[in-house]
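Shown next, in structure tokens, is the structure this report addresses.
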Amino acid sequence: MITTRQLCYLDALARHQHFGRAAAECCVSQPALSMQIHELEGLLGIELIERRPGAPMFTELGIEIAQRAGVILGAVRDLTDLAQHRAKVLSGTLRLGVIPTLAPYILPRLLPQLELGYPDLRLDLVEAQTKVLLADLERGALEVLLLALPLKAAAVEVFHLMRDRFLFAVPADDPLPETARVTPGEVKKRKLILLEEGHCLRDQALDYCAKGRWTVASSLSATSLATVMQMVASGYGATLVPEVAADAELRDDRVKLLRFVEPQPGRSIGLAWRRTSPRKVDFLALGQMVKNALNAPARPQCIRHERTGLRTKIQ
């Protein structure tokens, strides 16, 4: 009989592509992991991995079986969750994944409210790009994601939380006045600084450019929004900033934020979970807590004008 332990070992090896790292994740020795996978091959009557020096190479059928093992392990975790969390909303452990362009701006508001409202909840947090989070969600390593919508994943259910509008960040000495509403033409005149490949915020910025019927011929890229803002402050270009991040990132007198003309560009923020998960009630409660956290009073979003010293709110 195939065991979940064997499937766990196979899943870990498929993800790490390294016997040592897979064994470390599973808290077993490398020979023990290798032996269990060999036994799994004997039970299935097929070869899953080509034995050769270096990194393991999965056979074509081995790749498919490893993918199915991940789905089975996700279903097993759902079964466990059903038994453990049916009595009380948002109790026990909840494995939450968040994209990097949301985590630093929403979690500091959300976590204190969760601690106060649901003291029996323990959050295990993972911050990663959307592609990584979706893979972890599918195999059951994560239960719910906080990220930008829409998603191209049929087995995922989503819950819309808010519309996050974009602001245009430019150097403080940019000729556009603080009261200006930015047009696509004004964006086109400036060099855009974007996040590196893999960040959905980069794709959303490029989508806005495409709707304005031009392409970004030359742009700079960075690994974090904080780095992007420093590059803007240093005069290297301009960028699109999510409104949810404006209060935290606008710490430099050398940057000012402007609103776009209607319809203002933006992104949809929501939660996503496996359709088979039994914890939908928990996820909806979490979504309401995220909404409450975002609507909680925060210090006004302001712009400091370098020459005059005045501060004006972003309207």
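The values are calculated or read from the model by the stated rules, or taken from the named source; none is laboratory data. Nothing here was measured: the structure is a model prediction, and the numbers come from that model. FYI the Cβ positions are ideal-geometry reconstructions off the backbone, even for glycines, and counts take in every protein chain you see. The area values use the complete protein model at the heavy-atom level, side chains included, leaving out ligands, DNA and RNA. Shrake-Rupley method; radii C 1.70, N 1.55, O 1.52, S 1.80 Å.
So here's what we get for this one:
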quantity: Phi-based couplings in Hz for segment 174-181 (Karplus 6.51, -1.76, 1.60; Gly and Pro marked x); calculated: 4, x, 5, x, 5, 8, 5, 9
quantity: Heavy atoms of Met229: accessible area, 1.4 Å probe, square angstrom to 10; calculated: 10
quantity: Which of Ile269, Ile65 is most accessible, then next, and so on - probe 1.4 Å; calculated: Ile65, Ile269
quantity: Which of His160, His16, His199, His38 is most accessible, then next, and so on - probe 1.4 Å; calculated: His38, His160, His16, His199
quantity: Alpha-carbon centroid distance for the pair segment 218-237 / segment 1-67, whole angstrom; calculated: 43
quantity: Within segment 1-59, trypsin sites (Lys or Arg not before Pro) in DSSP loop having at most 16 other beta-carbon neighbours inside 10 Å; calculated: Arg51
quantity: Accessible area per residue in Å² at 1.4 Å probe, computed on the chain; calculated: 52
quantity: Two-site label geometry, Ile2 and Asp203: point separation in nm, points 7 Å out along Cα→Cβ; calculated: 3.1
quantity: Fraction of accessible area attributable to carbon and sulfur, the chain (%, probe 1.4 Å); calculated: 55
